[in-house]
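Following: one structure in structure tokens, then a few remarks.
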Amino acid sequence: MLKRVNEILIGKDIDRGTIAAGDSVETVMANILFGEVAVLTQDMVVFDNTTDDYSTTPTIYVVEGTDEDREYVNSISGATIPVKRIILSSPIDGDRVRTYTKNSYVAKTEQTVSFPAITQTITSGTEFVLRVVYKDMIEHPGQYTETYRYITKIGDASVDIFDGLRKEIMKYKGTLTTKSGARVTGNVLGSATLDLTGKLIPECTGSVKNIDELSQVHFEAFLNYVDNDNQWNEVELSAPKTYVMATRGYGSWELIRDVEKHAQSYRGVDNRIWFPIALPEIRVQKHGQYNTIVIEHQRDYKSADNQYSKETDLSTILAFEKALGAPTTHQGTLVEADLDKWMASLPAAKSDTALTW
């Protein structure tokens, strides 16, 4: 959970464009590519990794190019100059940097459970029941479950029971499930174990414009059989069932999208559900894989109720997509090198491990 005022700058998987060290912000605005990110000095020129550090620029900015065309008139020459709208970060004061953290992309994983082979004597006509109890559906007033049944036939073995249950999962239509169908998938027919894996939830993983934030299926599964007294009993297995819990990973496009939505609130966006809805385009790319750099820092400001300076906590997040393009030299490596150089020169030097590009 974000604990600070946060903003995010999002880079595409591209080479650096024509902007170069020492270029003025006017040159940057004229030439920056859509999704290009660069570090600027306190004088609003592109950071020079060979000469710039904390001693030459105690404050830095990060800039991102958009695809919005603008024009401005030069106040001296009167010339009309076409430019791109840029997104500029808050000033990052080297004296107030608290943390500098980098995370390479790690894919998220879904929860799984594995049932090993059934070892008890299998009698024809026995009903086996697989019940899945979901823990992630907070909207439901009680437990939401899915139940799958298979009645054994003469000659059935453990794998036949598992196949019967797998087929029931495949054809299940459901009532409260997302987009119909079961909320878990089974492994391939003929497998000696019964493995269940949570599905992606379409309402939060289907589009960059999803209202719902990333959520993952969380469940418990129970395998029972019905005895002659119509009682459910736990099936005897060759070993205990095993769970592997879901992980959110680092830098999935859904996570970065949610961070971007939170950051929009600090730029005036506070309505995402009530008509009419006016929202800027989401810059995150669907199916993108993002390396992230997080700078936590502080900034002085004066509020209307006081004449002295106050202090607020800020988070500046840089996210670089690294899977949807084919650059020769990823622009993210250049930004990382600039920030590494500057962070290492601070009075309280900061560093972190290199990102994986």
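Of note:
- In nm, spacing of pseudo-spin labels at ALA79 and ALA30 (7 Å Cα→C-beta vector): 0.6 nm
- Sorted ascending by nearby beta carbons within 10 Å, beginning with the fewest, TRP357, TRP342, TRP274 become TRP274, TRP357, TRP342.
- For a label point 7 Å along the Cα-to-beta-carbon line of MET170, residues of the stretch 185-205 with backbone N under 19 Å: 185-200
- FRET efficiency estimate (nearest 0.05) - Cβ-Cβ, TYR243 to ASP67, R0 51 angstrom: 0.70
- Between 0 and 90°, nearest 10: helix 331-344 axis offset from the chain longest Cα axis: 70 degrees
- Our analysis of the chain gives Rg over Rh at 1.13, with the two radii drawn from alpha carbon positions and Rh computed by the Kirkwood formula.
- Using alpha-carbon coordinates, inclination of helix 158-171 to the longest axis of the chain, degrees: 60 degrees
- Treating r as the C-beta distance of ALA20 and ASP300 and R0 as 30 Å, the FRET efficiency rounds to 0.40.
- Peptides 139-150, 228-239, 248-259, 212-223 ordered by average Cβ neighbours within 10 Å, highest first: 248-259, 212-223, 139-150, 228-239
- Neighbourhood net charge (15 Å Cβ-Cβ; Lys/Arg +1, Asp/Glu -1) for VAL113: 0
- Dipole magnitude for the stretch 65-112: computed about the Cα centre from +1 point charges on Lys and Arg Cβ and -1 point charges on Asp and Glu Cβ, it is near 220 debye.
- Spin-label model distance (nm) - THR109 vs ARG267, 7 Å beyond Cα toward Cβ: 3.5 nm
- Most mobile listed residue (THR205, THR51, THR329) in the chain, GNM with C-alpha springs under 10 Å: THR51
- Centre-to-centre separation between the Cα atoms of the stretch 191-233 and those of the stretch 94-127: 12 Å.
- Rg and Dmax, both from the Cα atoms of the stretch 112-244 and both in Å, are 15.9, 53.
- Compared with the dominant principal axis of the Cα atoms in the chain, helix 253-264 is inclined by about 50°.
- Point-charge dipole on Cβ atoms (K/R +1, D/E -1) for the stretch 112-244, about Cα centre, debye to 20: 460 debye
- Along the axis of the charge dipole computed for the chain (Cβ charges of +1 for Lys and Arg, -1 for Asp and Glu, origin at the Cα centre), the listed residues VAL83, THR123, THR99 are led at the positive end by THR123.
- Most positive-pole-ward Cα, SER24, SER207, PHE162, against dipole of the chain from beta carbon charges: PHE162
FYI, it's all coordinate maths here, none of it is from the lab. These numbers were taken from a predicted model, which means no experiment stands behind them. Neighbour counts are summed over all protein chains in view; Cβ atoms, including those assigned to glycine, are modelled from backbone coordinates with ideal geometry.
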